[in-house]
Every structure is written in structure tokens, then in C-alpha cells.
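None of the figures in this text is laboratory data; all of them are computed from the coordinates on show. Just so we're clear, the structure is a prediction, and the values are computed from it rather than from any experiment. Backbone-built Cβ (ideal geometry, glycine too); neighbour counts: all protein chains shown.
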Amino acid sequence: MIKFENVTKVYNKTVRAVDDISFNVKGGEIVGFIGPNGSGKTTTMKMLTGIVKADVGKIIVNGFNVRKEPIKAKESIGYIADSPDMFLRLKGTEFLDLIGDIYHVPTDKRQERIKEFAERFELSEALSSQIMSYSHGMRQKIMVIAALMHNPPVWILDEPMVGLDPKSAFELKQMMRDHAKAGNAVFFSTHVLEVAEKLCDRVIIIKKGNILFDGTLETLESTSKNESLEKIFLELTEK
Amino acid sequence: MSIYLKLVKALISTVEPSTEEKSYNKIFYRIMGFIAVFGIMLPMAFFVGVVIYALTQPLAVQGAGQNAVELFLHLIAVFSFIFGLNVIFSVFYFSGDIESLLPLPLRSYQIIGSKFTAALISESVMEFIVIIAAFAGYIIASGRAFYAWIIAIFGMLTLPFIKNKDMVNKITGFLTLAVVVGIAVLVSNMGGLDTEHLVDALADPSNPLLTVMNCIFPQVHFLVSSMVNNTFINLLFYLAVNGLAIAAFLLIAEGVYFRTAVGINYVSGKKKDKEKVISSLKMHNPCLTYLKKEFKILFRTPAYFTNCIIINLIWPVFLYIVYLLNGKTNFLDDFIYKIHNGDEESVLILILAISALSVLITAANCIASSALTREGKHFAFMKYIPLSYIAQINIKALVSIIISGAGMIIYVIAAALYLNLGLKMTIFCCLVSILSVSFVSYFGIFMDSVNPKLIWDDELNALRGNYNVFFNMAVAILLEGITCAGSYLLFKFTALGSIIIVIMLFILLMILNTVSYLLCSYKATANIDKLSV
């Protein structure tokens, strides 16, 4: 579903934000993308969604090359950005309608999905208000609904748990599991190792634009005897 | 004091436009800056100086030499007031930094004072230049001495403070319009603009415009009186009025700012029935929905509503003021008579004026030239949605064409009815107007794509201090100026008739449209693609 082949991104000809990385995410998999601040997580996700242009390498999403067939690749993606402060002057329904139209979601499917997700997130009451009046968590929830509305084969989430209350975080994790179970790929970044531990089939650890580890949590844990994921992560990234 | 200065420094840095690091863009920006300074700012300042000089000489004969510069300073004060209203609410209440500043252990007057100073510095560059020109025009014409220069420089540095006198008004857009209409009414009571009548009207001690203005902005009168009569006491009065205004402003701020600023960004919404809300969600054409989104954001965001929408309504009032000022002259009557009689030169002037006005209005409302900048922090949205860049550019251009074009067509039709132009001529004038609007709209988006200012704290910041808006205006005015002047000169000094020249103008507008569209298709889309956000 997601294929990164020798991808590099250099900012201002000096900063190698992502340095020749390669990885795959298959359908049905939940892959956590972990790394310290400034390690290249967001740049990688932005290259995947077409926001940032890779200098070198090839990125394939759902069989479409992000550079050569950008519209088809983008149609395959549901993306939650790191900041949910978007179109604050629009009402919740207006924003969802905009996203629904852009991703060609039919009326019946749109109503059905928004109703279901809004109830799960307890957001139904707020949909007719401007997003400006929402709390950070509510804004995050509406971004999740927008990203899932067209049932994308590839779901990309940049720090999705930030600002969510425990119930909503639980719902989101469940949604991610359900989405992967339906054969879709879920790729998300997080700083919360506990989330990665409980949710991921696989983790990719990145530091200074280089992948340090790509594998299952069991493999990672087997590299160090009786140590917590947190300690292993710190050992890996502080080398 | 050091906290205040540090705050001012920090706040100014957030207003400053971003600088482009790539060398080819640096050169492009330098060229644009050169065009803006030498094509707009300096000619405008020179024009102001010459007008004040020309009016001061005959007024001085009647013993009222200071009235021209006084009226001009009042006009500057009114402009500061009109455009300051938007700045005040945006800067003091709706900027993104408010939530960071309010929890800090700062007094209200420190926040307000520093925000005011930062806004003043960033807003008043052009004002200073034209005020220098006005004082220069007056001083040269009246032969004033060294003291007058000192007072003039002092006044130039302190005059824009008056913009904060009336900060407590929330319906800024409509108030702006009301102020402009008010000026129109006052002007209508004043007399015509032919030099003789205007000089008489200005020299009249009971002139209603100056009387009213002196009541609203008394410090201007004190400043000018000090300069004219070389009296120190008037300068003290001037300082006292400004000092009192600032003291009152800071005192009120200390009392009410925290109470009014906390929670101001809360927006209430009517709760609707859940089922109805869900059933209202329906599939539409994505481009149509995107277009509606653009309109909703423009109309619902106060800074955009005032600067991009309301400004289109101000223009006809200004034109009406000009018309009123021309009331006692025969120029307009002659022009209408000539148009009715099919005078080729008058018809050509009319068409050129419509084209020029369309360009000016479209460039001034900056809907197109800030189209990408207004996306701000969510610019990435444009890049990750499955809608091509050119489709999004077309929609943004269409918004500008609809708003600017609709306004222009109403004015053209009104003028056509007044001038009894006939259907064919009216349609042709509308076409010229739309072609002019469309060219500036696409060109504006291209200009904005070169280096959009995506980091801003409040929406007004997206518009002010945005070089792209200014450069687009400069280039559009320059191109239109060359086109109009060239067309007129061709008519005057060649054997080409007005019909041929109008056809040439039409073809030229088509070419400009094609070029600006191609610039958007190839360069602007590439610029968007290259932007890392």
C-alpha cells in the first residue's frame, strides 16, 4: 500500500531531513512511526501526502506514484495533519461537506459515516457550529472524521492522539484497528510509546532522517533483555 | 520600559513579511520593489506635494495659506481612522498571540501599548512619505522658515497616533463605509473642485468640512497653527491633545482590556437538530463547494470582509465625492455631451477609464494577490487534497473575478444608463471591464505564488505587510498606465481611429489574460509544488 524507495529530502541544500530511507506498509497493517523531535517523521509523512516534494527516490501509494499520478495517490489517502486548526470560520458540517465533495463521497455514504463517527466521538451536537468554537480535542475529532469519510485505503496520521480525551483516544485506536482489519494500511507517528506498543503490528524508528529500526515489537524487544520499550527506544535514539 | 521595548521588537518581527532566500526570487523582488517605489510611492508623494503647493499659493493671497495642508492632514487622519479601525480590533483582540500574551504577568497597558506601537510602525510608512510631501509642498509655497520644518518633521512623526482615538467600535466595516459617505455629504456642501471654487471654499472661515474636521481631530489644527504662526503654545496644545489621547487610551485599556479580551474568540452557534444536520450533508461538485468555501471565509472573516469586500463598496462613494467636487465645473457636462454626440476621443477615454478602474479595484481589494497567503497555516490543505493546483487557482481567480467584476459591472451599467450609452456599447464596456479584472486576478495569484506570506498571527497580517499585494498593484497600475497612455497617444498622434485603437486594446487585454493564465498554469503551479510547508 505504501512504498518508500531510497527517498531523500534536503532543506536549503544543507539539512538532510530524510536521508535515503526505504520501507513498506502493507494492507491490513498498523505501522507506528517513532522518533525524537526533528527526526524527520513529519517530513516523511508530508512527502507521502504530496505536501513536500522528495528530492530523490520513489514513493508509491496504493499503486500510484505520488509524483506521476498525484491526484490518484491523494484520493487513496486519508490524512490527519499535526495541527487541527483548519478552516476555523467554517461550520463542522460545511468542512465535512467540502471534504466529502473533494473526495467524491456519495450523499448516503457521507451521511451514514458522519453520523456514525460523530456519535462515536460525541461530536454530533457541535457539527452545526463554527470550528473556531471547538476545543483542540474537538478539532482533532473532526479532522479524524474528515480523513475517514471516504474510507481511504491508506490512512496517515501525524500525532493523532494529541488533545484527545481518554474515551476519544480509545475510539480512535479502535477505528485504526477496524480500518486495518478491513485490509487498509494505517501509518501513524507518535511520541507515546505506550500507544505504539498496544496498537502497532510494526514500528519504524527514525533519527536524523535515517531509519534505525523497522520490524515488529517482538523483534525489537528481543534485542534487549527484559527492558521496556521506552528504554530500548532511548538507547537506540541516544546512541 | 525594557519589557515594553522587547515586546514591541517581538511583535514587529511577527508582522514583517518573510524574505525569500532563493537568488532568482531576490532579484524578482528587487525589481518589483523598484517598480513599487518609483512607480507608485514616489509619484504619489510628488503628486500630493504639487497639489498642496498649487493650492497653498492662491490661498496664501487670501490669508488662509495653511488650509490646504490642514485639509490634507485631516484627510490623512480620516484614512488612518478608517483603516486603523480594522487594525485595532484585529491586533488587540483577534491576533493569534493574544492567547500567549494574556497568561503572562503583564499589565494591560503594557500589552496594549506595545501592540499599538508595533502596529503603528508597520502601518505608517506610506503615511509618513505623503505627509512629508504635503509639508514640503506647503513650506515651499509659503516660504516658511526653519521653525516650520522642525514642526513639520515633529508632526509627521506623531500625527498617525490619532488613529487610536476611537477604538471601541465593533462594526468596523460598515462604520468605514459610513465615514466615507459622511465625507461625501460634507464635500457636497463645500463646492466644486475647479481651483477657483476650491480655493474660495477652503479660504472660507465657515467651511463646514474644515470645521467638522477640526472638531474631530483638533490636534491637526494646533499643529498647523503652530507652524503658520510660529507659536510655541499651539505646539504645546498639539502635544497635550495627543498626550491626553494616549493617556486616556492606556487608562481605558488598563480598565477594560483583560475583561474584554479574555474569551473573545469564543463563537457561539445555534444548536440544531442532529438528524437535520446530518441530512443537510449532500454531494455537490467539488469545485462549486470549494468556491463556496472561499466565499464563506472571505465574508465571515472580519479582516477579509473589510479589506477585500467592503473596499469595493467604498470606491463608488469616492467616485461620487470626485463627482460632487466637480459639481460646478463644465468638464463633466461637456464630456457627457460629447459622448452623446459620439465624439471618438471621449468614447475612447471612457473605455480606457473603465479598464483602468477595473484594474485598480481588482488590485486594491487584494482578493487575488493574497489568495494563497490567506491559506496561512493550512496551505498544506491545497497540496494534499486530490484537486489539481490549477483547478484551485481557477476557483480562487473566479472569486476575485466575481467580486471585483460584479461591482464593476454594476458601476458600468449605472454609468451607461447615466450616459445613455446604448446596449452594444454597454456590453462592450462590461467585456473590457471583465477582461481587465480577469487579467489582474490571475496575475495577482501568480505574484502571490512567488513567495506567499504563510506565517501570520491574525488574518489582517495576511494582508498588511504583504509585499505581493503591493507589487501586484504596482505592476498592474504600471501595465495599465502604459496601455491607457499608449492608446491615447496613438489616437492623438497617429491616423488610427478610436475603433481600431479599442480593438487593439481588446486584443491586448486578451493577450494579457492569456499570459497571466499561462503564468498561473505553469509557474504558479510549479511554485506551489515547490513550497515546503
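The table below lists the values:
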{"quantity": "Segment B:A10-B:A495, length gained on full extension (0.36 nm per residue, minus Cα span)", "calculated": "168.5 nm"}
{"quantity": "Antiparallel content of DSSP bridges confined to chain A, in %, to 5", "calculated": "55 percent"}
{"quantity": "³J(HN,Hα), Karplus 6.51/-1.76/1.60, whole Hz, each residue of the stretch B:243-248, x for Gly, Pro", "calculated": "x, 5, 4, 5, 4, 5"}
{"quantity": "Rough spin-label spacing in nm, given labels placed 7 Å along Cα→Cβ, for A:S228 and B:F299", "calculated": "5.5 nm"}
{"quantity": "For B:V533, distant residues with modelled amide H under 5 Å away", "calculated": "none"}
{"quantity": "Karplus 3J(HN,Hα) series, Hz, for the stretch A:137-146 with 6.51 cos²θ - 1.76 cosθ + 1.60 (x for Gly, Pro)", "calculated": "x, 5, 5, 5, 5, 5, 5, 5, 4, 4"}
{"quantity": "5 angstrom amide H check on A:K91, placed H, neighbours 5+ away", "calculated": "A:I131"}
{"quantity": "Sites B:L251 and B:I413 - FRET efficiency at Förster radius 60 Å, r taken between beta-carbons, to 0.05", "calculated": "0.70"}
{"quantity": "Additional length obtainable on full extension of the chain from B:I390 to B:K523, 0.36 nm per residue less Cα span", "calculated": "46.8 nm"}
{"quantity": "Zone residues, the stretch A:62-79, relative to A:Y11, backbone N less than 18 Å from point 7 Å out along Cα-to-Cβ", "calculated": "none"}
{"quantity": "Cut-off 17 Å, label 7 Å out along Cα→Cβ of A:Q174, residues of the stretch A:90-113 by amide N", "calculated": "A:113"}
{"quantity": "FRET efficiency for B:D273 and A:H191, using Cβ-Cβ distance with R0 set to 30 Å, rounded to 0.05", "calculated": "0.15"}
{"quantity": "Per-selection metrics, the stretch B:286-530 (Cα): Rg and Dmax in Å", "calculated": "19.0, 60"}
{"quantity": "Positive-pole candidate from A:L236, A:I102, A:V7, dipole of chain A, charges at beta carbon", "calculated": "A:V7"}
{"quantity": "Net dipole in debye of the stretch A:85-151 [+1 Lys, Arg Cβ; -1 Asp, Glu Cβ; about Cα centre; nearest 20]", "calculated": "120 debye"}
{"quantity": "Förster radius 41 Å - calculated FRET efficiency between B:V37 and B:I511 (Cβ-Cβ, nearest 0.05)", "calculated": "0.90"}
{"quantity": "Cross-link pairs A:K53/B:K383; A:K72/A:K115; A:K26/A:K58 - those with Cα-Cα distance over 18 Å", "calculated": "A:K72/A:K115"}
{"quantity": "Whole-Hz ³J(HN,Hα) from phi, Karplus 6.51 cos²θ - 1.76 cosθ + 1.60, for the stretch B:277-292, glycine and proline x", "calculated": "4, 5, 5, 6, 7, 9, 7, 9, 5, x, 5, 5, 5, 4, 4, 4"}
{"quantity": "Approximate spin-label separation B:I482-A:H104, in nm, with each point projected 7 Å along Cα-to-Cβ", "calculated": "4.4 nm"}
{"quantity": "Fewest-first sequence of B:V475, B:V212 by Cβ atoms within 10 Å of each Cβ", "calculated": "B:V212, B:V475"}
